[in-house]
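Taking it in order: structure first as structure tokens, then the write-up.
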Amino acid sequence: MVPGLQVQEAPTTSDGVLSLAHEPVYIRRVSIGGLSVAEQKIIGFPWSPQMVERSRHSVGATIEACRTALRSGVAINLAGGTYHAPAGHGAGFCVFNDAAIADRLMQTEQRLQSVTIVDWDVHQGEGSASILARDDSVFTLSIHGAGNYPFRNEQGDLDAGLPDGAGDAGYLTALRDSLGAMFARFSPQLILFLAGVDPHEGDRLGHLKLTFSGLAAPDRIVLDAAHRKRIPVAIAMVGGYGNDIRDTVTVHLQTIAIAAEYALRWQDNCISSA
């Protein structure tokens, strides 16, 4: 359904890499099944060995998406976006924070020095904001529902909280203003784009009431700005809770198709410059 798409299996992630953003004691307790019932409830699902492996591979997929984007312009993790997890525990269906881990690993590997997380899931990424609060090399930008989960936000570098029912026009205005402000303050070498689909009008948790076309526009705005500035983009497909699961799938597929267009533009530019 998306011509030219190349799919590869996600690798796992070692404890050492996870520790770039998480406390070693927490990583150990997750690995051996040492989480309390209360901690599992905060995450949102029970512990199992499969849960641990899935979480490690999800982080690995975001890392590989970043590496691939730096080589070829645009890449996607078909899961990921587990941005609610802070350093010492999980939260909101997130065990390990793939965005913070991947950003720090790219720097550790000396692939880049500066990263922007553009997060337009309907929920604020409080875990990423907490982990990266004193890291001037990573800029966190979040556009989210002001009254939605989490009910206690963390201060990011730039946060835009929108009222319920903001719709296409209100959302796009906030996105354009926020991107402009971010680029005025920061010069990223990579954008990690957390492309949630829960702002859709058919989502039972989102409440922002964006249409299908309204959700396509932010994808194009982010990818077009990055393409003009020659900034690679790694995308993680984040939240979506449609009353009709087909709506959630449709919006995710729409993002993948748009990203594929921009990946081809990067290839054409490379050929033209050769």
Discussion item. Taking 8 Å as the Cα distance limit and 6 or more residues as the minimum spacing, I'd like the relative contact order of the range 1-103 as a percentage.
Written reply: 32
Fill in: Dipole magnitude (debye, nearest 20) for the chain, charges at Cβ of Lys, Arg, Asp, Glu
440
Worksheet entry | Taking the C-alpha atoms of the range 31-124, convex hull volume expressed per residue in Å³ | 110
Discussion item. Please give me, ordered by residue number, the trypsin sites (Lys or Arg not before Pro) of the range 101-165 that lie in loop per DSSP and have at most 11 other Cβ atoms within 10 Å.
Written reply: R134, R152
Worksheet entry | Global form of the chain, assessed from the alpha-carbon gyration tensor, a/c cut-off 1.5 | rounded
Discussion item. Need one word for the range 134-274: rounded, prolate or oblate. Basis is the Cα gyration tensor (sqrt eigenvalues a ≥ b ≥ c); a/c below 1.5 gives rounded, then a/b vs b/c decides.
Written reply: oblate
Worksheet, complete the sentence: Simple spin-label estimate for L5/F183, 7 Å along Cα→Cβ, in nm, reads 2.8
Worksheet item: Hey, with R₀ at 30 Å, roughly what FRET efficiency would A260 and E53 work out to, going by the Cβ-Cβ distance, to 0.05?
Response: 0.55
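Quick check on the chain: helices-only [θ] at 222 nm, where DSSP H runs of length 4 and up contribute -39,500 (n - 2.57) each and the sum goes over total residues. Nearest 500, please.
My calculation for the chain gives -15000 deg cm²/dmol from helical runs alone.
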Worksheet item: Order of K209, K229 from fewest to most other C-beta atoms within 10 Å?
Response: K229, K209
Discussion item. With θ taken as phi - 60° and the coefficients 6.51, -1.76 and 1.60, list the Karplus ³J(HN,Hα) couplings across the range 4-17 in order, rounded to whole Hz; mark glycine and proline as x.
Written reply: x, 6, 10, 10, 9, 5, 6, x, 7, 10, 6, 4, x, 5
Item to complete: Mind checking which of V251, A133, L190 is farthest towards the positive end of the range 131-274's charge dipole, using Cβ charges of +1 (Lys, Arg) and -1 (Asp, Glu) about the Cα centre?
Response: L190
Discussion item. If packing is taken as the average count of other Cβ atoms within 10 Å, what order do 2-10, 172-180 fall into, highest mean first?
Written reply: 172-180, 2-10
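A short reminder: the numbers here are calculations on the coordinates, not readings from a lab. What you see is a predicted model; the values in this text were computed from it and never measured. No Cβ is skipped: glycine too gets one built from the backbone with ideal geometry, and neighbour counts run over all protein chains shown.
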